[in-house]
Amino acid sequence: MHAQRPVSRQLTVLRMLYLHRYLAVDQIATLVFSTSSRRACQACCTTLHRKGFVHRFELARGGLGGGRSPYVYALAPAGAQVLAQADNIPVVDIPVDPDAPTAQSVFVHHQLAANRCLVAVLRAARLRSRIRCCQWTSDPHSRLRYRPDGARFWRSVHPDVIAMLRHADRDHWAFLEIDRGTQPLARYAAKVRRYARYQRSKAWLSHYPVFPALRVVSLSARRAAGIAELAADVMAQVDHDVYWAQCPSVYVAATAEAELLADPFGEIWFPADGPRDARHGWLSDGPWAPVPQPAAD
């Protein structure tokens with residue numbers, strides 16, 4: 001193989017960056033190097049950076065001491081070209097950053113938060129023999145465009161993550177929204193309306209066996225309560241909106257980050273239209289769909 005072409009493990013890292021956009025080195029270690037040492041992960045990422053296939057940058061830390069975080073990686077145009085040839089993907093469909101992203105980018109921090117949730121879900125699933133994470137589609141691949149029946153215009157709904165977790169013989173589907181406190185609370189009312197319009201359109205039937213629950217991950221108890229209140233108000237007004245007739249199930253997680261990342265399946269979720277103390281685990285409620293059976297010969 002040519003010296004400048006990535007080897008198998010390096011190509012896998014490029015694929016992870018294609019799927020998840022920005023990954024910290026510890027996230028890459030979990031996703032790709034779970035059976036290897038962290039040093040092997042760092043060496044692989046350094047090689048990709050030296051070849052020009054990935055961008056590498058640091059995020060500034062807050063606080064009195066300042067400082068820097070471990071490296072974060074993103075796909076560079078040269079890496080996109082390699083991936084397009086290896087996986088037969090149109091290069092225009094591969095999101096890249098022409099230059100290294102700014103260390104203060106809100107979008108980068110948001111995507112890294114979503115990826116922290118992914119790592120937490122994978123680790124928690126490994127501790128439970130009957131749970132598997134079968135799908136985790138994140139930005140920018142999670143944007144859903146649809147056209148309501150009879151309409152000449154397109155609508156869109158854009159979850160931060162589309163997840164499917166398999167528990168025993170059932171599949172649980174969820175749309176995740178990651179709340180980092182960077183946008184006004186009022187925007188969540190509009191988000192719930194968009195999901196409800198998508199549900200009413202029936203366009204989701206060609207993609208999902210059940211309509212996924214909307215789960216909002218908020219690491220602030222105060223914001224979580226505000227989001228739940230807004231969602232509940234929208235859900236109570238469903239009969240007054242001509243565009244939609246019912247709302248998706250909405251759940252909110254409000255807990256310390258360490259607790260959420262330690263066990264996202266723990267009893268940290270509550271329904272937006274229910275009591276705040278009615279906590280339950282992620283997989284203790286629906287919507288559920290039976291595991292598809294292989295077609296008979």
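A short reminder: the numbers here are calculations on the coordinates, not readings from a lab. Remember, it's a predicted structure, so these values are computed and weren't measured experimentally. Quick reminder, even Gly has a Cβ in these numbers, built from the backbone with ideal geometry, and neighbours come from all protein chains shown.
Here is how the numbers come out for the structure above:
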item	result
Cα pair distances in the chain, grouped into 5 Å bins until the bin that holds the longest one, percent each	1, 5, 11, 14, 16, 16, 14, 11, 7, 3, 1, 0, 0, 0
Derived scalar couplings ³J(HN,Hα) [segment 10-23; Karplus, 6.51 cos²θ - 1.76 cosθ + 1.60; whole Hz; x for Gly, Pro]	5, 5, 5, 4, 4, 5, 5, 5, 5, 6, 10, 6, 10, 9
Amide H contacts of Y251 (H built 1.01 Å from N, under 5 Å, at least 5 apart or other chain)	L214, R215, V216, A272
Using θ = phi - 60° and Karplus 6.51 cos²θ - 1.76 cosθ + 1.60, couplings along segment 262-268 (whole Hz; Gly, Pro as x)	6, 7, x, 8, x, 7, 10
Computed over the chain: relative contact order in percent, which uses C-alpha pairs under 8 Å that are six or more apart	13
Computed helical MRE - 222 nm, the chain, DSSP H runs ≥ 4 contributing -39500 (n - 2.57), nearest 500	-11000 deg cm²/dmol
Most to least packed among 176-183, 121-128 [average Cβ atoms within 10 Å]	176-183, 121-128
Alpha-carbon spread of segment 8-104, three principal axes, descending order, Å	48, 31, 21
Amide H within-cut-off set for Y71, under 5 Å, with H built and near neighbours excluded	V25
Segment 8-104, relative contact order [Cα under 8 Å, separation at least 6], %	29
3J(HN,Hα) from dihedral phi, segment 116-125, Karplus parametrisation 6.51/-1.76/1.60, rounded to Hz, x for glycine, proline	5, 5, 4, 4, 5, 5, 5, 5, 5, 5
Fraction of antiparallel bridges per DSSP, the chain only, in percent to nearest 5	75
Cβ charges +1 (Lys, Arg) and -1 (Asp, Glu), total dipole of the chain, debye	680
